[in-house]
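The values are calculated or read from the model by the stated rules, or taken from the named source; none is laboratory data. Here the structure is a predicted model, which means the values were calculated and not measured. Reconstructed Cβ throughout: ideal geometry from the backbone, glycine too, with neighbour counts over all protein chains shown.
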Amino acid sequence: MSPSSAAPVVAGPGRPLLRAAERALGGRRSVRAARRVVRDVWRLWLDSGDRVVAKRHPAADGLAVPAADPLVVEAEVLARLAVAGAAVPQFLGADAAERVAVFSDVGTWTLDDWLQARPGADPHLWAARAVDAVGGVEQALAGATASLQRWVPAWAQKSALTRAWAAAIRQAQAGLAWLVPPPGREATACLAELADDLARRSPTLGSADYNPGNVVVDPVAGTVCLIEFSALGWDWPERRLVQYTTSLGARRPDGQLTPLLNVAAVDQAATLGFDAVAIDGHWLVFLLNLAAVLAQVERAAATGPTRLWAGTERRRQLQAALSVPLAASGPAAACRRCIHQISFVEGEETR
Ligand SMILES: Nc1ncnc2c1ncn2[C@@H]1O[C@H](COP(=O)(O)OP(=O)(O)OP(=O)(O)O)[C@@H](O)[C@H]1O
Ligand SMILES: [Mg+2]
């Protein structure tokens, strides 16, 4: 008798996925219940009482880097991170035929949802834990660059980062022009200087998908873990940190801009090898990119209904965030001063 035939029939994922998860676990466990988390990700309750997460990866055909099968990459990277004691789920096994990977369940909230829900928890505590988690992964992968590089697809190589950064800066300049029209030559030059300063810094290898939906919080255990290591790429650690910890409420129509980082968290990050000036820089560029998105949404709203990031409240949140420095000096601080000379006189709308 196969283990799963003893389990109640579970509606949803279908027996192929359940059987695959059981095979991935070595055939020693059966699934008692399952619930979908998102598209191809399921939370499974095992007969042992444990909870695990099963994820079906897309077919590996047509991969740009044939060796970089997400199933293989994720297994190897998580194994390396586990040895280093980084805050990530355990990779429990995979079923190649069904392309299903099984992980330990590290919590039921993403940081994105957790910050939007505003559960009244101490933000300093969660900021400290998130910084620790991101810093721990950076440190663990820093020594493994030579062996990880073979899995990096073309779109995540250093040359692609250079192109992506140029696009992000064009977008930031557009965001600046929308936020403080006309931005003037000084602010534009300040932003260009900031962009160059950040571009001169050395990128590192890490997860190519760094957003607060890939940070999982367990409020009871008080833990913060990073998930999603099936694709690796070059980027700046400070850019990852900013984007991992800034919630936009991606899954909600009423998402609010909710940053977790503050000066204390940045001080702590500095003890883990992050550069405070670079964090502040990436924070500013990220916010100006959001401004550009708001501008696009506003233009789209003129021609059709849209709810994402629309309205003056969103602009107010953005302006408030822009006025919060994460470092006392550096090109971002200069840029911020320049922007504020043009606008944001307290209580005054820029347009
Ligand atoms: N090990 C885990 N422990 C707890 N929850 C997890 C785990 N792995 C995934 N999840 C949950 O499943 C969601 C989706 O997982 P993941 O990000 O790996 O898949 P995805 O296909 O990239 O989805 P998305 O496109 O939404 O990011 C996560 O946001 C998280 O809520
Ligand atoms: Mg994800």
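Being within 16 Å of ligand 2 (Cβ to nearest atom), aliphatic (A, V, I, L, M) and crowded, with 16+ Cβ neighbours inside 10 Å, is that true of even one residue in region 192-211? Outline the logic, then answer.
Taking region 192-211 and keeping what is within 16 Å of ligand 2 (Cβ to nearest atom), we get 206-211.
Then drop every residue that is not aliphatic (A, V, I, L, M), which leaves 208.
Within this subset, residues satisfying the condition of being crowded, with 16+ Cβ neighbours inside 10 Å are 208.
Looking through region 192-211, at least one residue is within 16 Å of ligand 2 (Cβ to nearest atom), aliphatic (A, V, I, L, M) and crowded, with 16+ Cβ neighbours inside 10 Å.
Need a quick list: strands (runs of 3 or more DSSP E) entirely within region 9-60 having at least 2 residues that are within 16 Å of ligand 2 (Cβ to nearest atom) and aliphatic (A, V, I, L, M).
Here the list reads 31-38, 51-56.
Sort out which residues of region 18-57 are among the hydrophobic types (A, V, I, L, M, F, W, C) and either free of Cβ contacts under 8 Å to residues at least 12 places away in the same chain or touching a His at 6+ places or on another chain (Cβ under 8 Å) (or both), and write them in order of number.
Within region 18-57, the first condition is being among the hydrophobic types (A, V, I, L, M, F, W, C), and the residues that meet it are 18, 20-21, 24-25, 31, 33-34, 37-38, 41-42, 44-46, 52-54.
Listed by number, the list holds a single entry, 38.
Select from region 149-166 the residues that are closer than 15 Å to residue 196 by Cβ, free of Cβ contacts under 8 Å to residues at least 40 places away in the same chain and within 19 Å of the chain's Cα centre (by Cα) and list them in ascending order. Write out each step before concluding.
Kept after step one, since they are closer than 15 Å to residue 196 by Cβ, are these residues of region 149-166: 161-162, 165-166.
Still in the list and also free of Cβ contacts under 8 Å to residues at least 40 places away in the same chain: 162, 165-166.
Answer for region 149-166, where residues must be closer than 15 Å to residue 196 by Cβ, free of Cβ contacts under 8 Å to residues at least 40 places away in the same chain and within 19 Å of the chain's Cα centre (by Cα): just 165.
Can you tell me which residue in region 227-265 is farthest from ligand 2 (Cβ to nearest atom), limited to those that are within 30 Å of residue 92 (Cβ to Cβ) and charged (D, E, K, R)?
The first filter runs over region 227-265 and keeps only residues within 30 Å of residue 92 (Cβ to Cβ), leaving 227-235, 237, 240-241, 243-245, 247, 250-251, 260.
Restricting the remaining residues to those that are charged (D, E, K, R) gives 228, 235, 240, 251.
Values: 228: 5, 235: 16, 240: 14, 251: 11 Å.
Step by step, filter region 227-265, then rank; the result is 235.
Of all residues in region 232-285, which are polar (S, T, N, Q), modelled with pLDDT of 95 or more and closer than 20 Å to residue 297 by Cβ?
Within region 232-285, 243, 246 meet the criteria.
Output the number of residues of region 249-281 satisfying the condition of being within 17 Å of residue 197 (Cβ to Cβ) and in contact with a Phe, Trp or Tyr (Cβ under 7 Å, 6 or more places away or on another chain).
Counting residues in region 249-281 that are within 17 Å of residue 197 (Cβ to Cβ) and in contact with a Phe, Trp or Tyr (Cβ under 7 Å, 6 or more places away or on another chain) gives 1.
Evaluate the following for residue 174: is it in contact (Cβ under 8 Å) with a residue 24 or more places away in the chain and within 12 Å of ligand 1 (Cβ to nearest atom)?
Details: in contact (Cβ under 8 Å) with a residue 24 or more places away in the chain: yes; within 12 Å of ligand 1 (Cβ to nearest atom): no.
No; evaluated as a whole, the condition is false for this residue.
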